[in-house]
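Below you'll find the structure, written out as structure tokens, and then a few comments.
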């Protein structure tokens, strides 16, 4: 019996070695066919631009087509679910917006995926620091004045949100928590109608992307109050950060990251991370992305994992404080 058991163990070990060897051979051959890059938003916008620009660079580098597929719906869950169900071989990837990975799991009670269980991080390609803007009629020209006015007039100001769980929503809720102010939320279906109402004065303030903030301010339609990132923006060097304007530690940065299905072979993940980091360093990628007010990043998989963990902790506390939940 001991001999039979020993033979069984030997066979199992041999089979395991064989599977590992075959996996290594396949990984060395990666990629040998087209790669599909699924993103959770329609054509147009930052994530679409990033996806198509990185796809061009990866196609050239890896000598295989990288096909971009727009799959909007269910706040990213449709695209995420398609990648979760795909084979874990590196040929189906998810270009995620940060909220898909670090907000949705705490906002939706029955989400169909778990970011840490179902995905393997590859790299964060780019980040964006949002800008706090105000209608010109708001009696505040900087963050300190906005806080003072809000405290003197609780509930009088309102802000534009483009949906529960978005940066425009949670970023302002975090601002309210840290400044102990009362500013009402007004929800919109997208950035365009929200910006329209801030410009017209129907809504007082909002967080938005650098390009639209800069364009509207130059036309005198909006006031720029502060940038929400760690550093000032090169496009608006005179605009202070929220942190240096009297809210120490405040930070609102969105990011766009590439993930693969969990259990994708490590050599394939390493290859993808290497190729992505090479691609984002290419001026044909970095120049185009920077021109849109984004910061090129190109992280390691370990850096992406760490940021996912820290941002999840950060936003779950804000979500609990606001009581926000999306019924399913």
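Every number in this text was worked out from the coordinates using simple rules, so none of it is lab data. Everything numeric here is computed off the predicted structure, so don't read it as measured data. Methodologically, a virtual Cβ is constructed for each residue, glycine included, from the backbone with ideal geometry; neighbour enumeration extends over all protein chains shown.
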Per-residue ellipticity at 222 nm attributable to helices in the chain (runs of n ≥ 4 DSSP H, -39500 (n - 2.57) apiece, nearest 500 deg cm²/dmol) works out to -14500 deg cm²/dmol
Simple SL model, points at 7 angstrom along Cα→Cβ for residue 325 and residue 116; separation in nm is 2.1
In degrees rounded to 10, the 0-90 angle between helix 46-62 Cα long axis and the longest Cα principal axis of the chain is 30
The base-10 log of I(q)/I(0) that the Debye equation returns for the stretch 123-239 at q = 0.10, 0.14, 0.22 Å⁻¹, one scatterer per C-alpha, is -0.26, -0.52, -1.36
When 197, 114, 238 are ranked with the fewest other C-beta atoms within 10 Å first, the list becomes 238, 114, 197
When 173, 303 are arranged by how many other beta-carbons sit within 10 Å of their Cβ, fewest first, they go 303, 173
hull vol. (C-alpha, convex hull) per residue for the stretch 69-145, Å³ -> 164
Here the residues of the stretch 28-62 lying in the modelled label zone of residue 270, meaning backbone nitrogen under 20 Å from a point 7 Å along Cα-to-Cβ, are 28-32, 62
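Compute the length gained on full extension between residue 145 and residue 74: take 0.36 nm times their separation in residues and subtract their Cα-Cα distance, giving the result in nm to one decimal. List each step's numbers first, then the result.
Details: separation 71, 0.36 × 71 = 25.56 nm, distance 3.82 nm.
That works out to 21.7 nm of additional length.
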Scoring the chain by relative contact order with C-alpha pairs under 8 Å, at least six apart, yields a percentage of 26
Reviewing [x] 38, 21, 19; [y] 43, 22, 16; [z] 47, 24, 15, the figure for semi-axes √(5λ) of the Cα gyration tensor in Å actually calculated from this model sits under [y]
Once both label points are put 7 Å beyond Cα along the C-beta direction, the residue 231-residue 313 separation in nm becomes 2.4
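Listing 253, 38 from the residue with the fewest other Cβ atoms within 10 Å to the one with the most, what is the order?
Fewest-to-most ranking of 253, 38: 253, 38.
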In nm, the gap between the two label points placed 7 Å beyond Cα toward Cβ at residue 64 and residue 278 is 1.4
Residue span residue 292 to residue 199: 0.36 nm per residue of separation minus Cα-Cα distance leaves a gain in nm of 31.4 nm
